[in-house]
Structure formats: C-alpha cells, structure tokens
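S.K.: One structure, pasted below without further comment.
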Amino acid sequence: MSRPDGISGDRYNVKETEARWQKAWEEKRCFEAEIVPGKPKYYVLEMFPYPSGRIHMGHVRNYTLGDVVARYKRAKGFNVLHPMGWDAFGLPAENAAIQNNVHPAKWTRENIAAMREQLKSMGLSYDWRREVATCEPEYYRHEQKMFLDFLKAGLVYRKESWVNWDPVENTVLANEQVIEGRGWRSGALVEKRLLSQWFLKITHYAQDLLDSLATLERWPERVRLMQENWIGRSEGARLMFDLSGRTDKLEIFTTRPDTLFGAKFVAIAANHPLAAELAAGNPALAEFVAECNRMGTSEAAIETAEKKGFDTGLKAVHPFDPAWTLPIYVANFVLMDYGSGAIFGCPAHDQRDLDFANKYGLGWTQVVEPATDKDAVLGAIAKGEAYTGDGKAINSKFLDGLAVDEAKAEAIRRIEEMGRGERTINYRLRDWGVSRQRYWGCPIPVIHCEACGTVPVPVEQLPVVLPEDVSFDKPGNPLDHHPTWKHVDCPCCGKPARRETDTFDTFFESSWYFARYTSPDRDDVAFDRQAADYWMSVDQYIGGIEHAVLHLLYSRFFTRALKDCGYLGVKEPFAGLLTQGMICHETFKSEDGAWLYPTEVIPGPDGKLVHADSGAPVTGGRSEKMSKSKKNVVDPAGIIDGYGADTARLFMLSDSPPERDLDWTEAGIDGAWRYVNRLWRMVATAELPAAGTPMPDLSPETVKVRRLLHRTIAQVGEDLERFHFNKAVARIREMTNGLGELSVGDAGAAWVLREGLEATARLIGPMMPHLAEEMWQALGGSGLLAQAAWPDADPALLVEDSVTVAIQVNGKLRATIELPKDADAALAEQTALAQPQVISAMSGKPARKVVVVPNRIVNVVV
RNA sequence: GCCCCAGUGGCGGAAUGGUAGACGCGGCAGACUCAAAAUCUGUUGCCGGCAACGGCGUGCUGGUUCGAGUCCGGCCUGGGGCACCA
C-alpha cells in the first residue's frame, strides 16, 4: 500500500486536520484544570521524560495511554488534572557539554523546546500552563528547602560511606555505572573509597513502606512484590560474642539462632572497624583488607569472586558455652552494610559457610535433622551442599527436639535472658545516598565551616543557584573548579567557609514533581497546601516497569517525609499504577554478528535475506526492545508526519494489552491508517437524515445493528475503565463493520447510521481525538467533542429477547438453539433433546442427567 | 540459588468454569480497472470429505467437574526481578 502523502484527493488530510483541532483545543482552553469544589477530581499522570532531544516510541505509547484515560475521565464528568514536565537534570547533558562544547543548560532547554513541539503534535490533552522543568531554580529551590526541613526532622544525615570511586573521572559511580570492575566511561579500575556523603533516612519508613503495599490495590502485584523483595525484611537476632583476651564484644546478626551449636567460625567484613584495628598491627592482614577493597561491588565482580578469608588469630567465645571459642576470620563475602558486618558460620546449614569451611578445613556439625530421610544431610554435605530445610534440632543441648521455628524462639529467649542480645528485624533496604560529584544537578544547600562544622544555608538565602559560567575541560566536578562559587562566608560565624559542591542524585527531583504540578505558579512554597489536598494522590500513574523499585520507592518515601514535615496530607503518591510494556521491533544481523538497519536488508534472489550492498547473507533476529545499538529504532516523528498522530495512537492501543510488550510492525501501522480513512470516508460519503430527525420504523436487521451499537457503547466504557484498550478498539471496529452492513436507501437504516457514527465519534474521542472532532463536526455536533459527555447506552437495547444456547452431549458441542431470554429449564431441556444432532449423538441411550445453565448451555449426560 | 509472570491459528491477540480463536494483520479467491494502487465482497485452526458432516485441537502430564484455555498437583520452555543479605 502506498504511503500517505498528506494532501491528496479524497483522502483524509491528516496534517491540516490535526493542526486545526490542536489549535481549537488550545483556544478554547479545553484542558486547563482548575479546582472546582465538590466536583470529583481525577489526577492522571505519565512519568515525565528526560529531555534527550527527541521523543521515542516508548513515550508515544506512555502518553497515548495517559491521554486516553484523561480524555475518557473528562467525558465521564471528572475534573481532570493532566500535566507534563521535564526531568531535566542528569548526566547526558554533561556528556553533551564535554563532547560538543555546548552548555548543559542550553542543550537541555533546546531539547525541551524541540520535544514540547513533538508532544504537541500528538494532540495530548495537557494543561501546558503547569509545565515544570526540574533544572530551573524556580523548581529546585523548593527541594533545597525540603532538604533543610528533612534535616531538621532528623531524616537527613551525613556519613562516611564506601563508594565506587573512578580515579580518572574523580567521581563516585553508581553500581550500574561500574562494568566489569571498571568505570563505564573512563575504563579505569574502580576503587572502593570511604567518602562523606549525605543520606536520606528511607529506612526510617521501611516497615510502613512494606505494610502499606497492601493498601495499593490498584498497583500491579508484580511491582508490589518487587518492592517487598527490595525492602527485604528479615527477622532474626542481634547477639554479642565476647572476644578472648579482650574486654570489648563483637555484634553479629543472624536469622538462624537455632543453629548456634553448629557454629565453626566467626567472620567479619573487610571494612569492619575490628578488621581495620587488627590490620594496623599485621601487614599481611592489611594487604588482604586492601585486596578486598579493590574488588568492585558490581554484580560481575561478585559473581566471579571466590570466597576468601584471613584468620586474624583472634578468638570469639560462644555465647552458650564460655569454654568454646571460634576463630575470627576477615572474609570477603561478609558485607559491612548489612546487619552488623559480622556473622557466625554454621557450615552444615548455610551454603556460603560450608564453602568457606571446606576451603579452610573448619569442619561442620549437623544441628538440624529432617523429619523424613535422616541421612540426607550427611549425603548432601559430602557433595558440598548445605542443608537449609526444616527439621528438628539435634546436637544442640537445650534446643534438642525443637522444630526450627521453636528452636529460634527458644535460642532468642535464652540470649535475651543472658543480656547478650535481642530479637531484631533487619532490612535489606539501605538509606539513600544522595550526594553526587556532578555539575548538572541541584546544589546541596549546606556550607562547611572549619569552626562551626556543617551549616545549613539559611532559608532566606535560597535558592543556591547553580552557576552557569563553568568549564568542562578538567575531569571531576566543575563546581569544585569554579574560581569563586564555593567560597562563601559562614552564615554562623561569618568567617570564610566552603560551599558543598556535591549535587543531588537526579531521583531527588522526580520524587516530588507530581505534587508540584498542583500549584506550579507558587514561588514562595513548593505547593499550595489547599491545591495539594484537592488534587493528591495521583489517581492513575502510568510508566515503564523499569521504575518499579527506585523511582516509585523514592517517591513513596518522599511523600511520607513531606507529610511528616507538614507539606502534604497523604502518604502515598500514586493510588493507581499502570506499568506499560516495551516497544519491540525486528532486528537483523550480518554473518559476523553486527546489527544492521532494516534499510540495509533486502530479500536475495533465492528469497533469503541479504545485505543490500554486499549481497552477504543476513539473519533476521527476533523482535527486541527498540534501541540505537540494535539499529531497530523507528522514529515517531516520521510516523506522525506521514500517517498522523491518530494513526500512531490507534496502533499503540489496538494490538496488545498495555502492560505487555508491543511489537512495532509496518503492517500494523498500515492497518490503523486504513481504519482512520475508512471512518472518515464513511462520514464523508454517508447520506444521513438531518440531526434531530425522529426515529422512523426500523426493520429487524436494523434493530439488530442498533442493539450492537448500544452494547458496544456499554462495553467500551467498561473496557476503558479496566484499561483494556485493545478490546475497546476491537469492539468499536466490530461496530463499524455492523454499520457498514446497513442497507442503503432505507430511512431507518440511515437513521441508525447517523446514530452509529455519532456514537463512534464519541467512543474514539479519547483514542483518536482529531478524527473524532472532524467526524463530530461533519455530523453537525455542537461544540467541541473534547468537551462533550461520554455517551450512554439505552438499557432497553442491552436486553436481548432471544439468546443462543449451546447444546452439549457429554460436554461436546452438538448443536445451538435460539430460545427466548430466560426461558425455563424444562423448555430448554425439551428443545435440546429434540435436536436431530443431539438424538444422533445420544445413539439411543437415555439421558442420565441434564444440566441446564439458563441462557447459556444445556449439557446432556448419557 | 530464591521470588514472580507467561506459553492459545502463519502473526498480534479475544474468551465472569459454559459454543475456543472476537478484532486486527497476513494469505487465498473474486469485483472494479487498459493496468496498477486504493476500495469492496467472499474465504481462511488442523485432518478427512464434492458436501452435509465427522475427528483432532489452548506447552507436557495427572486430577477436580455434567463441563477446564480458565481451578489444583507435578514437569518442560521462555521472560522478568533479587542475590555472597548471614
């Protein structure tokens, strides 16, 4: 099929039409939201984009989904807030500055302007007055104030912490930026470094963040589970081991106090204070500790690392037996920031402990016996496998005979009785380190003074504005190199002091933007309390699954912290969440495994794929997520330019449910384009009675179409409520097919056709808003469809007077019969048994039982 | 290793435990056309049959039920999340 050229003959003129309606919506201010007391509100939000310069297909899908919801809810009578903005701080802007010698601010603002135009061409129903860009002081000044309030509330602290340090770039790297132990950009070996960093106390809310997941009923189960795992609550005990020949004690954390009698060693992390102390007098140990610290914290580094330990020579005393001592090792598999950075090892019932014990010849003692196969543990350990299952305690004195859970409780009771420790809950979740040695971020509003220590910037001096006169010619943080910016006087003592040159992690900005939209014009406060109380929480949030943990968890934390500081009245930011799937597209690879663009591939003489230039064989790979590296990206701009926004939007909605991955295909977009034209042609060519003509007599066929029409109206509404957009599209197409079958020249049919086309325009309004307006206007509808109400189905037409009932014999379908609706069971049974196919299938045997499900099915059992 | 999700025509996908395959894509046949595109009509799960019709079909396997794509048990395959977390 030929590509549309925009303007030609009897074709729908996409470009002109879409631009015209976008202008009309803007002039009539259709999407500007104001507080209307008493009117039910609906806040729909899509995750705001990073301004990379161009929108991609993922954006098109995300914003189409949100726009359908926004327009539908508006038509249903809700006061809808639907804003858009820019997550504008971040590393790509700095990279562009270094590579192209353009200032991050200029690069970002130009990208925003370009992307705003692209989004506007999609016809999205945003209240553009509320647009925010997080890189502007008008935005970030408020988060500096929040930080100071969090500081006052005890939710912020500064701590020395081990980080991934890139010695070439002179900055901290996130775990994701460490690839095979090297900096992702410099390629330098990453080191662990102890650095002073700002932390937000997300762990303060760990239990509430976990418990409240149960209240998020409109979140996908999957996301709730991921957050639950991420928070990672585990119940156990903290206990103190005495150290032989010393007066201090060593604290360990365990979830298996029931296995204490199986202990063979104690291990501490390489960066445990005790390790540092012992290393000071032991060069070999010092070298071992240094080796552990050189090891990256990336996943790859961990996976390849072998368990290693160093015997410190120090002994720990068993808490239940003063005569029993255990060797203390420094071990590379013990993490300083989980529990207390120290463990006891029970080789028989923990895999890591067994691996370690086998390597250093520490032995093992079985202390749990499985209920069945009592020799299983010996066999497993002989194969190098620890037994971690259930059973009864053995070789454990006062615990003997108790089940694992009972033994845990009893061991803790004894420990608490002896004053050696207590029951405790430990979380995997760690406090959020927010310091970044980066330029393009929000300055952290504190000043370091030699005399006064760390001093918050006084509120009246906010915002601390990011200086724009910086250079990127040296590695490291440009703020640190700036000649004057960091030199300030201490707000306390007035003596020369130094500004904090670190900036916030960019997740900081995205943790509260949803609340800023409620009153973006307020300069004095982050948000107007009344506006926030009216609009929050977000009723429906839509975005990619990749943010299931970090962004969504940080936002949940932030909202709690803001509530506790009096900013907000709610603690959950997002009442409903829809996570959309990725956009995939076919890929091609050459013989040597290099990715190829689809345009480089043509069918060869024998039908197999070959390279267009060289004729070399090409393999068509499977459909994968669109990415530049795989060369399978389709630019939405070209699609919108050629087919129009409505076609792109329809395609995004019609083929797959929103949470599943969507395959981009040329055929699919062509199909959507054909349907757009078909609808337009139907309206343009139909001979219809004038609007408001009374309904003439209808033929039975016409009544049938009219029933279909009203059933569709009812079902599409239900589908949209449940975000079953693909089903809604299918039903509307089904109805279009029905309208196409109406006979021409019949007054009743023409009347139903008008009713049907009007309904179609309204039903497609949320999905294909431009075409819908065009149809609405052609049909003589009053005002803008964008402001019209959702249609109601006539309940009388939803009730069928006859139904098709399936007849089964022994569960196999043999016939279908028409029966009056709600016919009684006796009639259904009698009619069913009289069917020739039923009689033949029963082959003369009597019916043993007849199951009648009214209006559905009759099953004859012989 | 632990946790979760998904397997339905050639493809994307529909089916409150009740007629499997709605709707779309693709294919095939036809109409219109000098021809093509566009458009329209018919057909399209597989096997057998001219047909009426019959048989088989939702990853495999066992079960519950009058009836299972749907519920339960065991397995296989694919995808995702977490992970030296004590």
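The values are calculated or read from the model by the stated rules, or taken from the named source; none is laboratory data. It should be emphasised that the depicted structure is a prediction, and the values quoted were computed from it without experimental measurement. All Cβ positions, even for glycine, are placed from backbone atoms using ideal geometry, and neighbour counts span all protein chains on display.
S.K.: With A:E572, A:E624 as the choices, which residue is of a type in the set (D, E) and either without any contact (Cβ under 8 Å) to a residue 60 or more places away in the chain or within 16 Å of RNA strand B (Cβ to nearest atom) (or both)?
M.R.: A:E624
S.K.: Show the residue pairs meeting these rules: Cβ distance below 6 Å; 6+ apart or different chains; first residue within region A:387-407 and more than 14 Å from A:K374 (Cβ to Cβ); second residue part of a strand (DSSP E or B) and of a type in the set (A, V, I, L, M, F, W, C).
M.R.: Going by the 6 Å Cβ cut-off, the qualifying pairs are A:L399/A:A393; A:D400/A:A393; A:L402/A:A393; A:A407/A:A393.
S.K.: Another question about this same structure. Could you check A:H448 against (1) within 30 Å of A:L260 (Cα to Cα); (2) more than 34 Å from the chain's Cα centre (by Cα); (3) of a type outside the set (G, A, S); (4) part of a strand (DSSP E or B) and say which number it fails?
M.R.: Condition (1) is where A:H448 drops out.
S.K.: Follow-up question, since we're still on this one. Would you call A:F199 modelled with pLDDT of 95 or more and either more than 10 Å from RNA strand B (Cβ to nearest atom) or touching a helix residue (DSSP H, G or I) at 6+ places or on another chain (Cβ under 7 Å) (or both)?
M.R.: For A:F199, the condition - modelled with pLDDT of 95 or more and either more than 10 Å from RNA strand B (Cβ to nearest atom) or touching a helix residue (DSSP H, G or I) at 6+ places or on another chain (Cβ under 7 Å) (or both) - is not met.
S.K.: If I go through region A:393-432 residue by residue, how many of them are more than 14 Å from RNA strand B (Cβ to nearest atom), in a strand (DSSP E or B) and surrounded by fewer than 19 Cβ atoms within 10 Å (Cβ to Cβ)?
M.R.: Number of matching residues: 2.
S.K.: Take region A:77-120 and flag every residue that is crowded, with 20+ Cβ neighbours inside 10 Å and outside any helix (DSSP H, G or I).
M.R.: A:V80, A:L81, A:H82, A:P83, A:M84, A:G85, A:W86, A:D87, A:A88, A:F89, A:G90, listed by residue number.
S.K.: Could you tell me how many of the residues in region A:533-549 are closer than 23 Å to A:F150 by Cβ and surrounded by fewer than 22 Cβ atoms within 10 Å (Cβ to Cβ)?
M.R.: 4
S.K.: Here's something else I'd like to know. Mind listing whichever residues of region A:815-857 are loosely packed, with under 13 Cβ neighbours inside 10 Å, within 14 Å of RNA strand B (Cβ to nearest atom) and in a helix (DSSP H, G or I)?
M.R.: Hits for region A:815-857 are A:P836, A:S840.
S.K.: For A:E721, all conditions in the list (1) away from RNA strand B (no atom under 14 Å from the Cβ); (2) under 27 Å from A:E32 (Cα atoms) hold save one; what is the number of the exception?
M.R.: (1)
S.K.: Working carefully through the options A:E687, A:E666, A:E741, find the one that is more than 13 Å from RNA strand B (Cβ to nearest atom), farther than 30 Å from A:Q540 by Cβ and surrounded by fewer than 15 Cβ atoms within 10 Å (Cβ to Cβ).
M.R.: On inspection, the qualifying residue turns out to be A:E687.
S.K.: So, restricting to strands (runs of 3 or more DSSP E) that lie completely within region A:309-352, which ones have at least 1 residues that are within 7 Å of RNA strand B (Cβ to nearest atom)?
M.R.: Per the criteria, A:342-345.
S.K.: While we're on this one: Hey, can you tell me all the residues within region A:788-808 that are crowded, with 17+ Cβ neighbours inside 10 Å, more than 9 Å from RNA strand B (Cβ to nearest atom) and either without any contact (Cβ under 8 Å) to a residue 12 or more places away in the chain or among the aliphatic types (A, V, I, L, M) (or both)?
M.R.: Of everything in region A:788-808, those that are crowded, with 17+ Cβ neighbours inside 10 Å, more than 9 Å from RNA strand B (Cβ to nearest atom) and either without any contact (Cβ under 8 Å) to a residue 12 or more places away in the chain or among the aliphatic types (A, V, I, L, M) (or both) turn out to be A:A788, A:A793.
S.K.: I want to confirm something. Restricting to region A:35-56 and keeping residues that are more than 16 Å from A:I112 (Cα to Cα) and under 17 Å from the mean Cα position of the chain (by Cα), which single residue is surrounded by the fewest Cβ atoms within 10 Å (Cβ to Cβ)?
M.R.: Of everything passing the filter in region A:35-56, A:L45 is surrounded by the fewest Cβ atoms within 10 Å (Cβ to Cβ).
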